[in-house]
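J.: Have a look at the structure that comes next, please.
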Amino acid sequence: MRGLAIDAASALAEEATLAALLRCCVREVAGPRGLVWPASPYLLLRVAGTLLRARTYGGAALRFEGPPERLEGGAWQRLTADELVRLAEADLHGENGEFGGQVAASREAVAAILRAREEAAPPADPWLASEQALVYGHPFHPSPKARGGDGWLRYAPEAHARFPVRLLGVREDVLAEGGDVSVLDAMGAAPAGYRLLPAHPWQLELLRPAFGPGLVDLGPGPAVMPTSSVRTVYAPESEVCLKFSLDVRITNCVRKNAWYELAGAVELTSRLTPIFEEISVKHPTTRWLPEPGYRSAALGPRLHEGLGVIVRQSPWAACDPGVTPVLAAALALDVSAKDPLSWWHAYVTAVALPVLELYFTHGVVLEPHLQNVLVGLDTDGLPAQAVFRDLEGAKLVAGRHDLTGLHPEVAGALTYDAERGWTRVVYCLLVNHLTEIAATLAGQDDGLLRELWGTARDLLARQAEDLGRPLPLSDLLAGAPLPAKANLGVRWARAADRAAGYVPIANPLA
Ligand SMILES: Nc1ncnc2c1ncn2[C@@H]1O[C@H](COP(=O)(O)OP(=O)(O)OP(=O)(O)O)[C@@H](O)[C@H]1O
Ligand SMILES: [Mg+2]
């Protein structure tokens with residue numbers, strides 16, 4: 001029995017790893033060279049001279065039906081992830097000795113997650129269950145689940161981990177904080193002259209801070225559960241989320257809260273509060289998760305950033321009674337809609353329209369990818385609210401906000417120029433997000449997929465009128481190619497996430 005389960009987990013992990021890498025190859029390797037051809041029911045592509053084929057559906061989401069194959073000696077052979085790694089390596093310029101290892105590590109992690117899930121019970125809280133449902137991770141990343149080091153499974157959301165935070169005491173004269181962090185003081189008891197600083201136990205293992213009179217270890221604190229980002233956890237007793245630094249590479253970034261991001265989260269929270277109030281007049285389904293404060297220890301930059309924690313409102317507090325928040329990325333895996341067209345109409349209205357209003361009317365760039373949006377479902381399962389989160393990715397458009405008085409690094413980190421901001425919005429909203437939800441709703445029904453995009457087009461066109469037909473939106477509606485983030489390219493180049501480029505893909509609104 002046990003052996004069979006292990007084989008099944010390995011097979012599923014291999015299938016998912018191959019699929020994610022193949023999607024990246026279509027988009028970033030063969031696509032830009034004109035080496036992808038639709039040959040119904042197959043998609044053909046050439047990588048490093050080898051012809052590959054797979055049956056696909058779901059439009060740009062590139063869902064695969066049956067195993068991808070490679071042509072060898074005149075016969076179609078089943079393709080493996082390791083073979084595709086070698087082909088991609090041969091086709092990409094330069095070299096990267098880590099790449100194959102990262103893909104393999106991601107595959108091993110998926111298998112370990114699958115095995116762990118057989119023995120773990122999902123949380124009763126449906127929102128938290130959705131945060132912990134992302135077994136395969138980002139569908140367009142070459143190593144979506146690679147997580148440096150050992151011991152990660154103990155803290156893995158997909159394995160339904162639950163663990164106590166570690167409580168540290170920071171002596172008041174070396175406390176670094178901003179905004180409202182009163183919720184942290186209620187998490188336990190601190191000795192006189194100290195303030196409580198919750199810490200992620202994994203980060204403490206990695207960081208090994210020196211304890212002394214400025215920083216003391218107070219032992220385990222309240223139990224928390226990890227959300228989909230791994231480093232942000234939910235503390236149910238305090239009804240709050242805590243976003244920790246974690247010195248681990250997850251997808252493209254080592255997840256450290258830089259000092260200017262700690263301060264920037266609080267700054268953005270106060271600036272976005274009146275803007276979201278205004279947005280909710282026109283778009284009453286809009287909610288967001290403020291990040292009212294941060295706390296850390298002013299014991300040098302390593303500890304200041306490594307121990308910095310951001311307080312974030314809980315999604316339950318953001319949603320109306322009777323509305324259940326569900327992570328959009330979980331809906332992209334599994335959605336049940338009795339009437340897909342009206343469900344989608346409600347979804348696009350709630351998710352897309354406020355994002356465009358924020359950009360054009362208020363000069364605010366959200367990062368509404370599948371992991372940064374929660375959709376509030378009503379008792380009939382219909383999208384009733386959209387909750388936007390993660391202020392690290394939220395930016396102000398340069399020139400549209402008065403940032404005088406802010407530290408230049410804080411101001412710089414929370415600003416995008418208009419064009420870069422628009423590219424980010426279009427990628428996150430359309431390519432990363434709506435493309436995946438539409439593909440899941442439509443399944444293999446291509447006619448329905450076209451209808452869904454027709455509905456999205458109507459909604460966006462109406463809003464374009466409302467906004468005075470801004471040029472970038474008109475271009476989008478006219479069919480301009482969409483920017484798809486090059487996750488394979490950025491991993492191959494070992495570059496910072498913010499240096500990631502984009503490749504053009506077909507626009508389903510056309
Ligand atoms: N479709 C997806 N798009 C983007 N990220 C995804 C997707 N699916 C899974 N993920 C995962 O979600 C996380 C997104 O990273 P992001 O930087 O938005 O979060 P974070 O800042 O670490 O935490 P939080 O969202 O709690 O603020 C990564 O861990 C990434 O692997
Ligand atoms: Mg996020």
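J.: Of the residues in segment 144-155, how many are in a loop (DSSP other than H, G, I, E, B) and of a type outside the set (K, R)?
T.: Here the count works out to 6.
J.: Let me ask something else. For L391, are the conditions met, namely being open to solvent by 10 Å² or more (accessible area, probe 1.4 Å), within 16 Å of ligand 2 (Cβ to nearest atom) and hydrophobic (A, V, I, L, M, F, W, C)?
T.: Taking the combined requirement at face value, the residue satisfies it.
J.: Answer with yes or no whether P139 is assigned to a loop (DSSP other than H, G, I, E, B) and either touching a residue at least 40 places away in the same chain (Cβ under 8 Å) or touching a Gly at 6+ places or on another chain (Cβ under 8 Å) (or both).
T.: Yes: the conditions hold for P139.
J.: Testing H304 on (1) more than 16 Å from ligand 1 (Cβ to nearest atom); (2) in the same structural domain as H401 (by TED's automatic domain parsing); (3) touching a helix residue (DSSP H, G or I) at 6+ places or on another chain (Cβ under 9 Å), one condition comes back false. Which one is that?
T.: Every listed condition holds for H304 apart from (2).
J.: Would a scan of segment 69-81 turn up a residue that is surrounded by 15 or more Cβ atoms within 10 Å (Cβ to Cβ), in contact (Cβ under 8 Å) with a residue 60 or more places away in the chain and among the β-branched types (V, I, T)?
T.: yes
J.: If the Cβ limit is 9 Å and pairs must be 6+ apart or interchain, which residue in segment 326-337 that is open to solvent by less than 30 Å² (accessible area, probe 1.4 Å) pairs with which residue that is modelled with pLDDT under 95?
T.: Filtered contacts from segment 326-337: no entries.
Every residue, every condition in (1) away from ligand 1 (no atom under 15 Å from the Cβ); (2) in the same structural domain as V110 (by TED's automatic domain parsing); (3) over 20 Å from S182 (Cα atoms); (4) of a type in the set (G, A, S), yes or no:
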| residue | (1), (2), (3), (4) |
| --- | --- |
| P236 | yes, no, no, no |
| N252 | no, no, yes, no |
| L262 | no, no, no, no |
| A265 | no, no, no, yes |
| T269 | no, no, no, no |
| P274 | yes, no, yes, no |
| E277 | yes, no, yes, no |
| K282 | yes, no, yes, no |
| T286 | yes, no, yes, no |
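J.: Do you know which residues across segment 346-379 are of a type in the set (V, I, T) and either within 16 Å of ligand 2 (Cβ to nearest atom) or in the same structural domain as L134 (by TED's automatic domain parsing) (or both)?
T.: V351, V355, V365, V373, V375
J.: Taking the options P508, P504, name whichever one is outside any loop (DSSP other than H, G, I, E, B) and in contact with a Gly (Cβ under 9 Å, 6 or more places away or on another chain).
T.: Every option except P504 fails the conditions.
J.: Can I ask one more? Can you name every residue in segment 399-426 that is open to solvent by less than 50 Å² (accessible area, probe 1.4 Å), free of Cβ contacts under 8 Å to residues at least 24 places away in the same chain and either assigned by TED's automatic domain parsing to the domain that holds I250 or in a loop (DSSP other than H, G, I, E, B) (or both)?
T.: Across segment 399-426, the qualifying residue is only L403.
The values are calculated or read from the model by the stated rules, or taken from the named source; none is laboratory data. The shown structure was predicted, so the numbers you read here are calculated from the model rather than taken from an experiment. We place every Cβ from the backbone using ideal geometry, glycine too, and count neighbours over all the protein chains shown. These accessible areas exclude ligands, DNA and RNA; they are computed on the full protein's heavy atoms, side chains included. Shrake-Rupley method; radii C 1.70, N 1.55, O 1.52, S 1.80 Å.
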